[in-house]
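Reading through the structure tokens given below for one structure.
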Amino acid sequence: MSDHEEFEQQNLKSIQAMASDSHMAELTRDWFNYSFKHRYSYHFKWMGMPIIQYPQDIIAMQELIWEIKPEYIIETGVARGGSLVFYASMLKLLGGDRKVIGIDIDIRQHNRERIEDHPMYDFIDLVEGSSIDQSTFEKVNSIVKNSAGPVMVALDSNHTHEHVLRELELYSNFVTPGSFLVVFDTHCEFLPEDLLSDRPWGVNDNPYTAVKEFLAQDERFERVPFEDKFQITAAPHGFLKRL
């Protein structure tokens, strides 16, 4: 056994022990819920752009991108563009002709200008429209239909069950075997209800419930328990691998 293999085996054992530690789970849940009150995920930038992600999820996506080496990453939900820039910077490091496609129902002009002015914009395509509209889906399909390499998808737009389930039904078709479909904000199912009282989604109506229904009807995907490793994540049960 090589030193690297031994190191990885030791890590796997410690991750498994951590995942079965109920006290660790309780501490993690309490910290996550408390941090949510302080808009913790809004505090970070990637190459100058607000990314609105937990740092652990940024690292998780980095690991997946480096392993899969996608030709395209499709992201629903652009917000302020930080995730697009992050994915674009990873694709640039991989080299070759690669793109991240950002979809949003409303790409506000000030956000569009900052994204278009960014050094990573050459690796970004913006598609404005509802992610679940057929016309939007067809625009994305026209970009990726001739792809020869892997395709990843990240869903992070409207978080209602109905919307996310429809996104899953549509965009899962782009995900290539061995690649990932990542559904963010599944954590909504596990937050205290008062933290989501001003949102159209909440407990029993969110990305987590959509993932459960999707996996029950689509055998092409399996859940990979990344939360065992990263603990703090906005996407528990949301890392889905295409078989």
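Just to verify a result, which residue in the range 4-45, among those that are of a type in the set (Gly, Ala, Ser) and farther than 15 Å from GLU227 by Cα, is surrounded by the fewest Cβ atoms within 10 Å (Cβ to Cβ)? My answer is SER35. Of note, VAL127 does not satisfy the criterion of being surrounded by fewer than 22 Cβ atoms within 10 Å (Cβ to Cβ), closer than 22 Å to ARG223 by Cα, more than 17 Å from the chain's Cα centre (by Cα) and free of Cβ contacts under 8 Å to residues at least 40 places away in the same chain. The lone criterion from (1) exposed (fewer than 15 other Cβ atoms within 10 Å of the Cβ); (2) modelled with pLDDT of 95 or more left unmet by LYS145 is number (2).
The single condition among (1) touching a Ser or Thr at 6+ places or on another chain (Cβ under 6 Å); (2) assigned to a helix (DSSP H, G or I) that MET152 does not meet is (2). With respect to being within 30 Å of PHE36 (Cα to Cα), modelled with pLDDT of 95 or more, of a type outside the set (D, E, K, R) and buried (at least 19 other Cβ atoms within 10 Å of the Cβ), VAL151 falls outside the description.
Scanning the range 131-141 for residues that are in contact with a Ser or Thr (Cβ under 9 Å, 6 or more places away or on another chain) and either surrounded by fewer than 17 Cβ atoms within 10 Å (Cβ to Cβ) or within 17 Å of LEU84 (Cα to Cα) (or both) yields a total of 2. Residues of the range 214-243 that are in a helix (DSSP H, G or I) and farther than 18 Å from THR76 by Cβ: LEU215, ALA216, GLN217, PHE226, GLU227, ASP228, LYS229, PHE230.
Residues in the range 186-207 that are under 17 Å from ASP30 (Cβ atoms) and outside any helix (DSSP H, G or I): LEU191, PRO192. The lone criterion from (1) touching a Phe, Trp or Tyr at 6+ places or on another chain (Cβ under 7 Å); (2) farther than 19 Å from GLN16 by Cβ; (3) surrounded by fewer than 20 Cβ atoms within 10 Å (Cβ to Cβ) left unmet by VAL224 is number (2).
For (1) part of a helix (DSSP H, G or I); (2) in contact with an Asp or Glu (Cβ under 7 Å, 6 or more places away or on another chain); (3) surrounded by 21 or more Cβ atoms within 10 Å (Cβ to Cβ); (4) without any contact (Cβ under 8 Å) to a residue 60 or more places away in the chain, each residue gets a yes or a no:
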| residue | (1), (2), (3), (4) |
| --- | --- |
| MET61 | yes, no, yes, no |
| TRP66 | yes, no, no, yes |
| PRO70 | no, no, yes, no |
| ARG80 | no, no, no, yes |
| PRO119 | no, no, no, no |
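Looking across the range 85-104, just one residue is among the small types (Gly, Ala, Ser), touching a residue at least 12 places away in the same chain (Cβ under 8 Å) and assigned to a loop (DSSP other than H, G, I, E, B), and that is GLY96. Checking VAL182, VAL211 one by one, the residue that is touching a His at 6+ places or on another chain (Cβ under 7 Å) and among the aliphatic types (A, V, I, L, M) is VAL211 and no other.
The values are calculated or read from the model by the stated rules, or taken from the named source; none is laboratory data. Please read these numbers as outputs of a predicted model, since none were measured by experiment. As a convention, Cβ positions derive from the backbone with ideal geometry for all residues, glycine included, and neighbour counts pool all protein chains shown.
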